[in-house]
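The values are calculated or read from the model by the stated rules, or taken from the named source; none is laboratory data. If you're wondering where the values come from, they're calculated on a predicted model, not measured in any experiment. When we count neighbours, we look across all protein chains shown, and the Cβ atoms used for this are built from the backbone with ideal geometry, even at glycine. For accessibility, only protein heavy atoms count, side chains too; no ligands or nucleic acids. Shrake-Rupley method; radii C 1.70, N 1.55, O 1.52, S 1.80 Å.
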Amino acid sequence: MESWEFSQLFYVTWREIMKNGEILAGIKSADMVLVGLGEEFNDEKKLRELPEYTQGRELLQEAGYHWLQPAWNEYCLNKIGGEYIKSVLEKLAVLLEDKNYFVVTTSTNKMIAEIPWKKDRLVMPCGSTLKKQCVKGCAGIVDNVNEEDENFMNECFDSLYSGIFPKNEEMKLGNCPKCGKNMVFNNIFAESYNEAGYTEQWQMYTRWLQGTLNRKLIVLELGVNMRFPSVIRWPFEKVVFFNNKAMLIRVNENLYQLTEELSGKGCGIPQNAIEWLKTLC
């Protein structure tokens, strides 16, 4: 794809794209690469095949522990060997290691943060289980989750996985130093989500994004659903629409379609993003 012929790429099928290696060629020749990782990287579809996961999820929701949902996902992913997600993302990081890129994700899976991306090239606006906040969202109270917190949560989840809700201990990550209320994971499921946990990285991302105009840009939108379309899907479409040198690769098991306005500027691949990365990398 040395001539950057986006219109030709748009009209071939996804199998032909993979066979011809045009996407890899596009990445290689791009000046910049924008990556969006979506909810498919939580792999809740596979988790729902696990009875213990579904039962534990329902118990947490009934008890109002919504902020524990990402941590419960990760715990159960570990039970079924969730390293396959980390493996494909590590290969993606290697593929991009010589490129000027940025990664944005609506997934809360902390494995994404453990990938050796370039320094300060990842932002997780929906939060994760790596930080904790006051349940009431007290300003300035966002701390790193420590080993003691992780051990306590794993003990609670061991009981939950066995079908026993841990009633003797209140599930929390300590107390807020400002108001004394419970500390919880800093993610979108918290009662009062404290966005301070990601705003600094978001500012770096927006500055990076400003430099993509009129640059050869490959946009990889991988497994992004419609739960938070204003974070990745709509902004990515806008970036590609206004940049005549940009191309969007949208990979999604169900929502892979591109808008008519992007005709000739990308392709939609009807495949699970994790499975697709296995074949790409």
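Key figures for this structure:
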| read-out | value |
| --- | --- |
| ASN194 vs. criteria closer than 19 Å to PHE41 by Cα and modelled with pLDDT of 95 or more | no |
| Lone unmet requirement of (1) part of a loop (DSSP other than H, G, I, E, B); (2) modelled with pLDDT of 95 or more; (3) not small (Gly, Ala, Ser) for ASN214 | (2) |
| Leading residue by the ranking (farthest from VAL123 (Cα to Cα)) among those in segment 166-200 that are without any contact (Cβ under 8 Å) to a residue 12 or more places away in the chain, assigned to a loop (DSSP other than H, G, I, E, B) and open to solvent by less than 80 Å² (accessible area, probe 1.4 Å) | PRO166 |
| Complete set of residues in segment 249-264 that are open to solvent by 30 Å² or more (accessible area, probe 1.4 Å), touching a helix residue (DSSP H, G or I) at 6+ places or on another chain (Cβ under 9 Å) and not hydrophobic (A, V, I, L, M, F, W, C) | GLU253, TYR256, THR259, GLU261, SER263 |
| Tally of residues being open to solvent by 10 Å² or more (accessible area, probe 1.4 Å), under 22 Å from MET111 (Cβ atoms) and touching a residue at least 60 places away in the same chain (Cβ under 8 Å) across segment 265-281 | 6 |
| Count of residues meeting criterion [buried (at least 16 other Cβ atoms within 10 Å of the Cβ) and either in contact with a Gly (Cβ under 9 Å, 6 or more places away or on another chain) or not in a strand (DSSP E or B) (or both)] in segment 114-133 | 12 |
| Top-ranked residue of segment 226-248 - restricted to ones that are farther than 18 Å from ASN42 by Cα and part of a loop (DSSP other than H, G, I, E, B), ranked as most open to solvent (accessible area, probe 1.4 Å) | ASN244 |
| Residue within segment 40-58 that is under 17 Å from VAL224 (Cβ atoms) and open to solvent by less than 10 Å² (accessible area, probe 1.4 Å) present | yes |
| Failed criterion for ARG207 (all others in (1) closer than 29 Å to GLU83 by Cα; (2) assigned to a helix (DSSP H, G or I) hold) | (1) |
